[in-house]
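Below is one structure, written out as structure tokens; comments come after it.
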Amino acid sequence: MKRLQDRITLVTGSSSGIGAAVAKCMAAEGAKVIVNYARSSKGAEAVVAEIKAEGGEAIAIQADVSQEDQVQSMFAQIFEHYGTIDVLVNNAGLQKDANLVDMTLEQWNQVIGVNLTGQFLCSREAVKEFKRRGVIPAQSCSAGNIICMSSVHEVIPWAGHCNYAASKGGVMLLMKSMAQELAPDKIRINSIAPGAIKTPINTDAWDTPAAEADLLKLIPYGRVGIPEDIGKAAVWLASDESEYVQGTTIFVDGGMTLYPGFATGG
Ligand code: NAD
């Protein structure tokens, strides 16, 4: 038996970057994966094709996670196709960067809408189904599993990105509050907080040698992360191996949250 054999797994925003890697790592462990995408189906179809080429199972479904009606329609399609859901990875996210005084309300609302409200909307639909179905012991010891994609910026302030940092700080307490509320139902909820991972969201931070050298000053472990670093952690958190882990954030950041400036200063 693979670690996630036949688990119905939705990964939001999985047509690129970390979400795509999580989808592929989960499928390699036997999960049946729903590859959610916001607009263009091209990237999502490519991820589905890659999973199928490796002998896995996946389908692509469109939904903007910040829109309640689209989230509800996505879950209805999942239930029609697979009958239930076992694992939700709240991965979709974006940045709309600006200094505070230049930040428009639209930039603020868009980031909070996708990064925070999107996680609430998807979690609510998944939890309704987890509660309805309960534990199926032959499948898993939990009644369902949610992984929230947070960021080191749930604890590290980030000048010029206050909408993003606020959204991830919000994800931290959304995750913990849901985990506290739903633990008695055997519903597991945790977060992964990636450090700097090479994906389209932060290309400017690593795509030239000078930029990468600058970034490495913030990473004690001495390399920038890759999406598979997060995929592997997500597989473990979704599996029964981590059954007793509840309401916590796993930092996968090469030590970025260890205040690297204090290694030589302070
Ligand atoms: P990415 O841009 O490749 O992935 C983000 C995905 O979210 C994209 O596929 C995008 O289409 C999707 N998305 C955006 N808006 C959406 C919406 N309204 N509905 C559905 N999907 C939507 O970047 P990534 O780095 O892979 O980011 C994935 C997650 O990881 C995000 O939550 C991000 O905040 C988080 N994260 C990334 C890093 C990093 O260094 N790359 C670090 C910390 C946290």
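The values are calculated or read from the model by the stated rules, or taken from the named source; none is laboratory data. Everything quoted here is computed from the prediction, not taken from an experiment. Backbone-built Cβ (ideal geometry, glycine too); neighbour counts: all protein chains shown.
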I need a count of the residues in region 44-83 that are within 12 Å of the ligand (Cβ to nearest atom) and of a type in the set (Phe, Trp, Tyr). 0
Filtering region 31-43 down to residues that are at pLDDT 95 or above, among the small types (Gly, Ala, Ser) and within 13 Å of the ligand (Cβ to nearest atom) yields 38, 41, 43
Which pairs turn up if I take residues in region 252-266 that are closer than 15 Å to residue 230 by Cα and look for partners that are part of a helix (DSSP H, G or I) with beta carbon separation below 7 Å, at least 6 apart in sequence or on another chain? 252/229; 252/230; 252/233; 253/152; 256/152
Among (1) outside any helix (DSSP H, G or I); (2) among the hydrophobic types (A, V, I, L, M, F, W, C); (3) at pLDDT 95 or above, where does residue 138 come up short? (3)
Please verify whether region 73-84 includes one or more residues that are in a loop (DSSP other than H, G, I, E, B) and of a type in the set (Ser, Thr, Tyr). yes
Mind telling me which of the residues 176, 168 ends up being touching a His at 6+ places or on another chain (Cβ under 7 Å) and more than 20 Å from residue 10 (Cβ to Cβ)? 168
Test: residue in region 212-220 that is within 14 Å of the ligand (Cβ to nearest atom) and in contact with a Leu (Cβ under 8 Å, 6 or more places away or on another chain): no
Quickly run through region 142-155 and pick out the residues that are in a loop (DSSP other than H, G, I, E, B) and either under 18 Å from residue 89 (Cα atoms) or out of contact with any helix residue (DSSP H, G or I) (no Cβ under 8 Å at 6 or more places or on another chain) (or both). 142, 143, 150, 151
What helices (runs of 4 or more DSSP H) lie completely within region 156-238 and have 3 or more residues being surrounded by 18 or more Cβ atoms within 10 Å (Cβ to Cβ) and either within 13 Å of the chain's Cα centre (by Cα) or basic (Lys, Arg) (or both)? 162-182, 227-238
